[in-house]
Amino acid sequence: MVNYPDLKVLNPNQPASRGDIAAFVHQALVAQGRIEPLPGEVMAVIIRLLEAIATIADYTCDRKDRAVLLRHAAAIKRDSYENVSDKLDKPDIDEQYLVVEKSLRSG
C-alpha cells in the first residue's frame, strides 16, 4: 500500500517496492520502540543514496524504470525524514530529493 506521489491518498492496489517495505518496517519498529531512529551520522549515507539515484536517473530512459527510481527516492526520503535525529538535516534531505525528482521528471 503506497501513498506516493500524493501523501494524503492511499493506493492499495499499487505494488510496494522493497524500499517501500523496508521503510514501512523500519517506521513500525521505531514506533514500537524496538529500534532507535536513524542516527545523525547516517545522514551522509542517505544523501549519497539520493545522489546515486539522481545519477542513475540521468542514464535511465524507460518511463517505468524512472517511476521505480522515484518511488525508491521517496521511500528513502520518507523514512529518513521521519527518523532523523537532527532537525537541521531535514533541509539537506529535501534539497537532495528535489535534485532526484528534477532529474527523473526532466528525462
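The values are calculated or read from the model by the stated rules, or taken from the named source; none is laboratory data. Since the model is a prediction, treat every value here as computed from it, not as a measurement. Counting neighbours? That spans all protein chains shown, and the Cβs are built from the backbone with ideal geometry, glycine included.
Within the range 53-66, the residues that satisfy the criterion of being of a type outside the set (Asp, Glu) and more than 22 Å from residue 25 (Cβ to Cβ) are 54, 55, 56, 57, 59, 60, 61, 63, 64, 66.
Within the range 6-17, can one find any residue that is at pLDDT below 90, assigned to a helix (DSSP H, G or I) and out of contact with any helix residue (DSSP H, G or I) (no Cβ under 8 Å at 6 or more places or on another chain)? No, because not a single residue in the range 6-17 is at pLDDT below 90, assigned to a helix (DSSP H, G or I) and out of contact with any helix residue (DSSP H, G or I) (no Cβ under 8 Å at 6 or more places or on another chain).
Let me confirm something: among 69, 49, which residue is surrounded by 13 or more Cβ atoms within 10 Å (Cβ to Cβ), modelled with pLDDT of 75 or more, under 11 Å from residue 104 (Cβ atoms) and under 12 Å from the mean Cα position of the chain (by Cα)?
69
Against the condition surrounded by 12 or more Cβ atoms within 10 Å (Cβ to Cβ) and within 24 Å of residue 28 (Cα to Cα), how does residue 102 come out, does it pass? Against the criterion (surrounded by 12 or more Cβ atoms within 10 Å (Cβ to Cβ) and within 24 Å of residue 28 (Cα to Cα)), residue 102 does not qualify. The set of residues from the range 49-74 being within 16 Å of residue 22 (Cα to Cα) and small (Gly, Ala, Ser) comprises 73, 74. Does at least one position in the range 24-42 carry a residue that is at pLDDT below 85, within 19 Å of residue 98 (Cβ to Cβ) and exposed (fewer than 12 other Cβ atoms within 10 Å of the Cβ)? Within the range 24-42, none of the residues are at pLDDT below 85, within 19 Å of residue 98 (Cβ to Cβ) and exposed (fewer than 12 other Cβ atoms within 10 Å of the Cβ).
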